[in-house]
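Chemist: Sharing a structure, written as structure tokens. Questions coming.
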Amino acid sequence: MLQTAFTRMTGCSVPIQQAGMGGAATPGLAAAVSAAGGLGMVSLPMVPAEDVAVIVAALAKGATGPVGINFLIPFLDLAAVEAAARHCRVVEFFYGDPQAGLVERVHRSGALADWQVGSADEAKAAVQAGCDFVVAQGTEAGGHIRGTTGLLALLDEILAAVEVPVLAAGGIGSARAMAAALAAGADGVRVGTRFVATAESGAHPAYIQALVQASAADTVITTAFSGMWPDAPHRVLRSAVTAMEAFSGETTGEMDLGPARMPIPKGAVPSPTRDTTGAIPAMALYAGESVGNVARVQSAADVVRELAEGAERLLRARV
Ligand SMILES: Cc1cc2nc3c(=O)[nH]c(=O)nc-3n(C[C@H](O)[C@H](O)[C@H](O)COP(=O)(O)O)c2cc1C
């Protein structure tokens with residue numbers, strides 16, 4: 001199997017990290033990716049720190065491989081970071097300037113720290129802050145996009161700028177794309193959209209069906225879903241922007257938030273989860289340019305196997 005500085009550092013058996021993705025990145029998805037050899041990640045946005053501790057402890061105990069947790073800087077809860085770092089192999093941050101203090105907290109609890117970045121300057125800042133590895137996110141990515149550069153050019157700049165392992169993210173949905181990123185020097189790939197369309201994902205079935213039907217050209221970078229999180233461009237299905245703009249009400253639906261139901265204001269940031277009701281097509285249907293590789297709902301293990309084995313075959317055939 002392909003081994004890289006990333007697999008050796010984290011203890012994974014394949015160089016694939018599943019992206020943290022709001023309600024889509026459930027503990028079940030992280031556990032399945034981890035069992036298949038990748039780095040499974042959870043995101044627990046708006047979950048109180050005490051609950052994060054319980055969920056992550058149970059995940060880490062049950063998982064057969066390494067797991068990590070993803071935090072968005074605009075919504076950061078320090079207590080949750082500390083609780084998570086005690087149980088996860090990796091604690092990761094996104095969408096804010098790298099902070100040495102945060103990385104130190106993670107290291108003190110015994111976890112590795114990484115930062116998903118959108119530029120070489122941000123990658124250098126993450127390394128200066130003490131990060132063990134970085135994720136280079138190109139503009140092909142689904143969800144919120146940090147920078148303005150496409151993946152291959154960004155990867156090239158970041159590989160030249162830092163010494164730590166670098167993962168490639170954005171538009172990677174096939175063995176061919178994974179092989180290309182590894183051949184270009186990445187130590188692994190981070191995959192989001194492909195894992196949304198898995199049996200273990202927390203995404204709403206109608207959202208997954210929309211991904212199955214879409215291709216890269218059906219995605220767009222927009223600020224249409226800025227409610228709760230302004231000034232943060234994101235890539236979604238274009239159909240979601242059209243449906244949201246045509247929607248006449250103030251709230252598009254409701255979703256679970258702990259034991260309560262939360263109304264979803266029109267144009268708000270959450271993507272629809274299994275428990276979401278309302279106008280699903282008018283909600284934030286995040287999708288990367290990798291969406292063309294989503295052909296059906298698969299198990300997370302099948303996605304990991306397809307990408308890792310296929311990339312390995314392609315790379316070996318070239319040498
Ligand atoms: C549904 C969805 C939700 C996302 N939410 C997050 C998030 O909460 N935190 C984060 O760091 N990145 C998030 N991202 C971005 C991913 O980390 C990653 O950059 C992206 O998925 C890579 O592109 P791909 O979707 O083409 O694989 C999200 C992406 C998607 C598709």
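Chemist: Looking at the stretch 79-93, is at least one residue closer than 25 Å to residue 228 by Cα, away from the ligand (no atom under 16 Å from the Cβ) and among the acidic types (Asp, Glu)?
Modeler: yes
Chemist: Picking from 173, 188, which residue would you name as being touching a residue at least 12 places away in the same chain (Cβ under 8 Å) and within 16 Å of residue 5 (Cβ to Cβ)?
Modeler: Details: 173 fails: within 16 Å of residue 5 (Cβ to Cβ).
On inspection, the qualifying residue turns out to be 188.
Chemist: Please go through the stretch 1-42 and pick out each residue that is farther than 15 Å from residue 67 by Cβ, of a type outside the set (A, V, I, L, M, F, W, C) and not in a helix (DSSP H, G or I).
Modeler: Matches in the stretch 1-42: 3, 4, 15.
Chemist: Please work out which residue is farthest from residue 178 (Cα to Cα), limiting yourself to the stretch 1-28 and to residues that are at pLDDT below 95 and within 11 Å of the ligand (Cβ to nearest atom).
Modeler: 23
Chemist: Follow-up. Return yes or no: is residue 31 farther than 16 Å from residue 306 by Cα, within 16 Å of the ligand (Cβ to nearest atom) and in contact (Cβ under 8 Å) with a residue 12 or more places away in the chain?
Modeler: In short, no.
Chemist: So which pairs qualify, if the first residue must be in the stretch 79-93 and surrounded by 24 or more Cβ atoms within 10 Å (Cβ to Cβ), the second must be assigned to a strand (DSSP E or B) and of a type in the set (S, T, N, Q), the Cβ gap must be under 6 Å, and the two must be at least 6 apart or on different chains?
Modeler: Cβ pairs passing all conditions: 92/70.
Chemist: Step by step: first the residues of the stretch 113-144, then only those that are of a type in the set (D, E, K, R) and within 16 Å of the ligand (Cβ to nearest atom), then the one that is surrounded by the most Cβ atoms within 10 Å (Cβ to Cβ). Which residue is that? Don't jump to the end; show me each part of the working.
Modeler: Filtering the stretch 113-144 down to residues of a type in the set (D, E, K, R) leaves 114, 121-122, 124, 132, 140.
Restricting the remaining residues to those that are within 16 Å of the ligand (Cβ to nearest atom) gives 114, 122, 140.
Numbers: 114: 31, 122: 22, 140: 24.
For the stretch 113-144, the residue satisfying everything is 114.
Chemist: Next question, about the same structure. Kindly list, by first and then second residue, each pair from a residue in the stretch 134-151 that is over 16 Å from residue 292 (Cβ atoms) and of a type in the set (Lys, Arg) to a residue that is in a strand (DSSP E or B) and more than 6 Å from the ligand (Cβ to nearest atom), limited to pairs with Cβ atoms under 7 Å and residues at least 6 apart or on different chains.
Modeler: The qualifying pairs are 146/117.
Chemist: Answer yes if at least one residue in the stretch 234-251 is in contact with a strand residue (DSSP E or B) (Cβ under 6 Å, 6 or more places away or on another chain) and of a type in the set (Gly, Ala, Ser), and no otherwise.
Modeler: No, the stretch 234-251 has no match at all.
Chemist: Which one is farthest from residue 243 (Cα to Cα), of the residues in the stretch 270-319 that are of a type in the set (Val, Ile, Thr) and out of contact with any His (no Cβ under 8 Å at 6 or more places or on another chain)?
Modeler: Taking the stretch 270-319 and keeping what is of a type in the set (Val, Ile, Thr), we get 273, 276-277, 280, 291, 294, 297, 303-304, 319.
Those still in the list that are out of contact with any His (no Cβ under 8 Å at 6 or more places or on another chain) too: 277, 291, 294, 297, 303-304, 319.
Numbers: 277: 16, 291: 19, 294: 22, 297: 24, 303: 30, 304: 33, 319: 48 Å.
Across the stretch 270-319, the extreme among qualifying residues is 319.
Chemist: For residue 156, are the conditions met, namely being over 24 Å from residue 37 (Cβ atoms), modelled with pLDDT under 95 and surrounded by fewer than 24 Cβ atoms within 10 Å (Cβ to Cβ)?
Modeler: Spelling it out, it is not the case that residue 156 is over 24 Å from residue 37 (Cβ atoms), modelled with pLDDT under 95 and surrounded by fewer than 24 Cβ atoms within 10 Å (Cβ to Cβ).
Chemist: Restricting the stretch 200-235 to residues that are touching a residue at least 24 places away in the same chain (Cβ under 8 Å), farther than 30 Å from residue 165 by Cβ and of a type in the set (A, V, I, L, M), which is surrounded by the most Cβ atoms within 10 Å (Cβ to Cβ)?
Modeler: Ranking the candidates gives 210 first.
The values are calculated or read from the model by the stated rules, or taken from the named source; none is laboratory data. What you see is a predicted model; the values in this text were computed from it and never measured. All Cβ positions, even for glycine, are placed from backbone atoms using ideal geometry, and neighbour counts span all protein chains on display.
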